[in-house]
Amino acid sequence: MEWTVPLLLAALIILAGVYYYLKVYQPVKPVERYSPYALGLNYIIAGEPEKAREKLMEAVRKDSENFDAYLKLGTLLRDKGQVVPAIKVHQSLTVRSDLKAAERIEVLRELALDYETAGALRRAAEFADKILALASDHRWALNFRLRLAEKLQDWGSAFDFARRLNLLNGAKDQSKLALYRVEEGRALMDQGKGKDGRLKCREALKLDRSCAHAYLTLAQSYNMEGREEDAVKELRCLLDTNAEQGYLAYDMLENLYFSLGRFGDLEKLYRQIIEKRPDDLHASQALARFLRKKGEVDRALTVCQVALERNPDDLWSRRFMIRTLLETNRTNEIGPLTLEILDRVMEDRTRYTCSVCGYRTDQPLWRCPRCSALGAFNL
């Protein structure tokens, strides 16, 4: 009997040990030094998107609740050109009921970018609008919607988003808003609604009295309707209110004055501009071309000589003089080689380059035909 109690105690201890090992004790598993998610982030930083994608996919397989891993995985897929899978990944996050407001905005932002990349601009706009419904002053969403509105040539919406951004940023410059109003007007004119289009241009001038695009559009509209005198008035207003960009009216003014038989008024106008602004090379060039067309070669050359006295580096005047002398058989005063050299360094017409996409043209455009950006040619 004296061994019974110790034996029972020993048996109980052994049984307790077995139970603990089988039911309670869990051997410690070896821990990875870095999780797939952390490795994925490191690969993103290192600029290795393919390895990052593999690790992020591993991360979401192991932890389906990893919101950020899903978000970044979708972005990597989009950047790789796999837009449809990217949309599916980001769309899967929208059904989560536990998303915080900031997380929901992140998902909507990525979906907007996904659809923009896919070329579905209106669908992209819908997701940006959802962001604005959650946060009306969200700068990214406002800028994104403005960009889409320009691409879609939805000038009314572009105006609204630009105005909201101006208010948000405390900006007082309304020149860009005026351009959007003019584009609204031009769209109406294209539909045969000239009067309504001109009203939009008048609204633009209330925002920016010096808006050259508005005056030029008004003049074009009047000219299309045979109201040449009204067109001239608008162009003269441009010259009075915006001397820096007044040169944009010269070609149209010249055509109008020729049509009205007012040749003398045109020369008088150019000379008045030169008198007020002696360094205005555009006016000197226009006058020289006009006199050359009239056959008054010596007077045209004199205009160029005066311009060169004020602007010694002006290549255009030199080139014009050389070409004029050559065309009038005064070859003893110039040499063909000089003309060839100047032709190489000076283009025949001013070239304008879009500051957004790099599109080049010899026309003074307000809207880029490639990317639809407004006011990007630095006229």
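Here, each number is a calculation from the coordinates, and none is a lab measurement. From a predicted model like this one, the values you see are computed outputs, not experimental measurements. Neighbour counts run over all protein chains shown; Cβ positions are idealised from the backbone, glycine included.
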Three-way shape call for the stretch 172-278 based on the alpha-carbon gyration tensor, with the a/c threshold at 1.5: oblate
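Starting from the Cα gyration tensor of the stretch 236-379, take the square roots of the eigenvalues, sort them a ≥ b ≥ c, and report rounded, prolate or oblate (rounded when a/c is under 1.5, otherwise prolate if a/b is larger than b/c, else oblate). Display every interim value, and only then the final one.
Numbers: a/c = 1.94, a/b = 1.24, b/c = 1.57.
Verdict is oblate for the stretch 236-379.
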Restraint check, 206/268; 176/206; 51/72; 151/176; 100/130; 80/100, Cα-Cα greater than 20 Å: 206/268; 80/100
Eligible aspartates and glutamates near residue 276 by straight Cα distance, threshold 15 Å, same-chain separation 8 or greater: 240, 244, 267
Formal net charge of residues neighbouring residue 235 (Cβ-Cβ distance under 14 Å; K, R +1; D, E -1): -4
Aspartates and glutamates whose Cα lies under 14 Å from that of residue 172, excluding same-chain neighbours fewer than 8 positions away: 208
Positive minus negative residues near residue 106 (Lys, Arg vs Asp, Glu; Cβ under 11 Å): +1
Local electrostatic count at residue 121 - Lys and Arg +1, Asp and Glu -1, tallied over other residues with Cβ under 14 Å: -1
The stretch 262-346 shape via C-alpha gyration tensor axes, a/c threshold 1.5: oblate
